[in-house]
Amino acid sequence: MIDRPTFSLDGREVAFDTGQTILQAALAAGRYIPHLCYHPEFRPHGSCKVCTARVDGRTVAACTTPAAAGMEVASDTEEMNGLRRTLVQMLFAEGNHFCPSCETSGNCVLQALGYDLGVLTAGFRHMFPVRPVDASHPDILLDFNRCVLCELCVRASSEVDRKGVFALSGRGIDKHLVVNSESGELADTDIELTDKAMEVCPVGVILRKRVGFAIPIGARRYDRRPISAQALQDAPRPKAHGHD
Amino acid sequence: MSTDTTATCPGPETERQLRRVLARWGGAPTHLVQILREAQERCGWLPPATLSSLASALGLPLAAVRGVAGFYAFLHTEPAGTYRILFSDNVTDRMQGSEALMEEFCRQLWVEPGKVSEDGLVCVDRTSCTGLCDQGPGLLVNGRAIPRADRERLALIRELILERRPLEAWPDELFEIADNVRRRHVLLGSNLRPGEAMRAALERGAAVERELAANERSWREGIPDDSQGPLATLREIERSGLRGRGGAGFTTAAKWAACRAAPAGIRYVVCNADEGEPGTFKDRVLLASHAELLLDGMTVAAFCVGARAGLLYLRGEYHYLLAPLEARLEARRAAGLLGRNLLGRRGFDFDITIHVGAGSYVCGEESALLESLEGRRGIPRNRPPYPVTHGYLGHPTIVNNVETLCAAALIAMHGGDWFRSVGTPRSSGSKILSVAGDCARPGLYEYPFGVSVREVLEDCGAQRTLAVQVSGPSGRCIDASEFERRIAFEDLPTAGAFTVFDDSRDMFEVARNYIEFFAHESCGFCTPCRVGTSMLRGIMDKIHRGRGSLHELEEMSRLNPVLQMSAHCGLGHTACNPVLDTLKRFRPAYERRLQALRFAPDFDLDAALAAARRATGRDDAGAYLEDER
């Protein structure tokens, strides 16, 4: 039996495989670090910065930083959770998020993070950007008001669906999602309901038409358990280690 | 560039032009930024049909092409005017009167800033620092740089536009840009012939080889000839203590050695000539008047690390330098200084391709620069891995600043000890400062590292100096109590900008200009920088409007640690510096603007009632909430 290398996460050891990042190793070991743009099925992206942790004194994104033996990672600290609260507040202030009328309420990662981290207000002046919805497609609605620019749909459509239906354009605060058609409308793309891109949006941008509120609010994913517990349940479990 | 926004664009001629552009860049999607830039030259913007046709030719999704085009400030996916006049918007341009000039220019042309005139003829807008701070205000007209904008020159430009005179027929005098070199030291004072530094590097290697051959007992005997030559020069670079001149100050020899050691068949040398830090313009002069030294430096670097291809990333604002640089490359090829078997040494192959930027400050960050070189949006990469092992197209790559490569050429010529004898123990060699702002003699000043701020101020004829911004917005602002500090990595590190403010300047407005710059240039990849810089801009504007309170100052102090701790790259890490530095040293400049010491709402109820007053025709005291009108 070969011992796997370990690092310390908030004072407790986490074993990891070479090539895993801090967040991947933590989730596989049943340890939660808050995150938003990371998705277990995709290469880490590192843009939302919610998983920022202090590693040997420096702050880094846990999702993209390779785990290394002997690292001291501080994540569940007031400093880091305070930072995460501010980042979540920034995302709420940046877009137009009206939870009570949102079809994704209760299934929304941004909202769930807000509850779990104890975000009580947006904390900043809302920017109220003008982001018209795209209702051109017969079966799919795009509500850009809620986009947090995590690029999961971009990644899913290009890496899994091999279609490139979504991309980002603009820069800075004007960065926005665009779709792959000359008209700029979703109806003219080759997106299908069965695409991976249809299921990865962590917020309420990519919606199926005519199925809204099929599950009542109160009985949804993060209504049943907080995201800190749900994320661990969703994390890919490691194959049994210790006998190799 | 003669532009044509009429129905002929796109048309058959455009199709032919697109095919030529695609062929020139080998139809490679990795050259998308260059292809888009050149495709735009015909009609001044990228119509949807052009984007579609490029997307299908390159096998890329249209959305991805649109995403790249939408990232760069100088690529336009909407009509941008036959004449596009951009006013450089660095604080030095503003100090030279750019805002009033632009306002008057717009008024005379009957246009609103940022909007194309109804006949499609002209669009006037602002752009980030164009690197003409010593001869500003700077302009870009359809991408061509024009210095020293004043009322007379703008009147002439207006006439030329209204006459619809093609840019090629505008008087040359408008485009003349001065070097303004005020103080020369080892670099600006050097006068090497093209190829001389390369020859010295080869000769040094040959000397080592002869020595080894003569010494039978040398344990190195088994090492093949080829590895000794480059190592001899690499050792000189190491001995010199040379550190990167682009701002970060990484040890050049360590970077080169890591790239050389990375297992690979292909390696690249990249010259970062994307000089975007507001207030910096030294690379412009080096590229214009010391290009041979730079090209020698790139070739020496290639020799040391074992690269066969070099890329020079020229900032879009310096597009006018492209043709002269290309001519130099051609002359070097003819002289055997580029191409195969350089200087007759078998297997020493190296050539250089120039890529031109398209208006993005973040691309000066080395990994964002590589993304842009690969035809993508200029987003800094996640690291590790670092460019020295996984750089351009995944191959080991060194990315060095223009000034660093010039210094490397000098070291190859004169040796590491010679270089080390200049400067301070931890900052060897010289530094070129781009001095601008309130001084009698703006321009380039080259000093040995360790020069005091006061000495520079005296040399450039600065008087009643209130503050100096060292290394641009991402650097530090210092006041008179710190003028004995020294320009060196161990005290005040700098990428070159040295911007002087006298006691007539309002340091709040200086900071506000810098914050606007960061918000405009944020790539938008990470939450803290994308949202944070935009919030900072909103707060500074609110204070500027006289609607601020202590709440705003506290909010900015709250944003700072968020940006410092979690931003993806240096832009975000340093975005709060201008506010923090000026708040610490010039707090009254902020406080006298604060309306209340607690909270003041940005919403002005009285102003909002103006429409009601107009509708009812009332203008009496009772129609106002407060007394003052």
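Scanning region B:21-42 for residues that are at pLDDT below 95 and more than 26 Å from the chain's Cα centre (by Cα) yields nothing. Return the residue satisfying two criteria in turn: it lies in region B:412-433 and is among the β-branched types (Val, Ile, Thr) and outside any strand (DSSP E or B), and of such residues it is nearest to residue B:294 (Cα to Cα). It comes out as B:422. For residue B:535, the criteria (1) of a type in the set (A, V, I, L, M); (2) farther than 23 Å from residue B:247 by Cβ; (3) away from chain A (no Cβ under 11 Å) hold in every case but one, which is (3).
What number of residues within region A:111-167 satisfy the criterion of being over 30 Å from residue B:60 (Cβ atoms) and either at pLDDT 95 or above or of a type outside the set (D, E, K, R) (or both)?
Looking only at region A:111-167, we keep the residues that are over 30 Å from residue B:60 (Cβ atoms), and these are A:111-128.
Cutting the leftovers down to either at pLDDT 95 or above or of a type outside the set (D, E, K, R) (or both) gives us A:111-124, A:126-128.
Selection size over region A:111-167: 17.
For region A:180-203, taking the residues that are under 20 Å from the mean Cα position of the chain (by Cα) and outside any loop (DSSP other than H, G, I, E, B), the one that is surrounded by the most Cβ atoms within 10 Å (Cβ to Cβ) is identified as A:197. A single entry from B:104, B:99 fulfils the requirement of being surrounded by fewer than 18 Cβ atoms within 10 Å (Cβ to Cβ) and touching a residue at least 40 places away in the same chain (Cβ under 8 Å): B:104. Checking each residue in region A:160-178 for being more than 7 Å from chain B (Cβ to nearest Cβ), touching a residue at least 12 places away in the same chain (Cβ under 8 Å) and over 16 Å from residue B:66 (Cα atoms) picks out A:160, A:161. Residue A:98 meets the conditions (1) out of contact with any strand residue (DSSP E or B) (no Cβ under 8 Å at 6 or more places or on another chain); (2) within 14 Å of another protein chain (Cβ to nearest Cβ); (3) more than 25 Å from residue A:41 (Cα to Cα) in every case but one. The failed one is (2). Only one of (1) within 14 Å of chain A (Cβ to nearest Cβ); (2) more than 26 Å from residue A:176 (Cβ to Cβ); (3) at pLDDT 95 or above is not met by residue B:547, so which one is it? Status for residue B:547: all satisfied but (3).
Evaluated against (1) free of Cβ contacts under 8 Å to residues at least 60 places away in the same chain; (2) surrounded by fewer than 22 Cβ atoms within 10 Å (Cβ to Cβ); (3) in contact with a strand residue (DSSP E or B) (Cβ under 9 Å, 6 or more places away or on another chain), residue A:81 falls short on exactly one condition, (3).
Okay, residues lined up against (1) of a type in the set (Ser, Thr, Tyr); (2) touching a residue at least 24 places away in the same chain (Cβ under 8 Å); (3) under 30 Å from residue B:439 (Cα atoms):
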{"position": "B:173", "(1), (2), (3)": "no, no, yes"}
{"position": "B:179", "(1), (2), (3)": "no, yes, yes"}
{"position": "B:185", "(1), (2), (3)": "no, yes, yes"}
{"position": "B:201", "(1), (2), (3)": "no, yes, no"}
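Among the conditions (1) among the aliphatic types (A, V, I, L, M); (2) part of a loop (DSSP other than H, G, I, E, B); (3) in the same structural domain as residue A:158 (by TED's automatic domain parsing), residue A:110 misses just one, which is (2).
So which of A:205, A:148, A:200 ends up being at negative phi and within 12 Å of chain B (Cβ to nearest Cβ)? Even if it seems obvious, please write down each step before you answer.
Values: A:205 fails: within 12 Å of chain B (Cβ to nearest Cβ); A:200 fails: within 12 Å of chain B (Cβ to nearest Cβ).
Every option except A:148 fails the conditions.
Residues that are closer than 14 Å to residue B:398 by Cα and modelled with pLDDT of 95 or more number at least 2 in the following strands (runs of 3 or more DSSP E) confined to region B:260-360: B:268-273, B:309-314. Checking the structure you have, find out if any residue of region B:594-604 is surrounded by 15 or more Cβ atoms within 10 Å (Cβ to Cβ), within 14 Å of chain A (Cβ to nearest Cβ), at pLDDT 90 or above and closer than 18 Å to residue A:124 by Cβ. Within region B:594-604, none of the residues are surrounded by 15 or more Cβ atoms within 10 Å (Cβ to Cβ), within 14 Å of chain A (Cβ to nearest Cβ), at pLDDT 90 or above and closer than 18 Å to residue A:124 by Cβ. Can we say residue A:70 is part of a loop (DSSP other than H, G, I, E, B), more than 9 Å from chain B (Cβ to nearest Cβ), more than 30 Å from residue A:211 (Cβ to Cβ) and in contact (Cβ under 8 Å) with a residue 24 or more places away in the chain? So residue A:70 passes the test. Listed by position, the helices (runs of 4 or more DSSP H) inside region B:1-114 whose residues that are within 14 Å of chain A (Cβ to nearest Cβ) and not aliphatic (A, V, I, L, M) number at least 1 are B:48-58, B:62-69.
For the residues A:181, A:157, the requirement of being farther than 29 Å from residue A:231 by Cα and within 14 Å of chain B (Cβ to nearest Cβ) singles out A:181.
The values are calculated or read from the model by the stated rules, or taken from the named source; none is laboratory data. Bear in mind that the values here come from a model prediction, so they are computed numbers and not experimental data. All Cβ positions, even for glycine, are placed from backbone atoms using ideal geometry, and neighbour counts span all protein chains on display.
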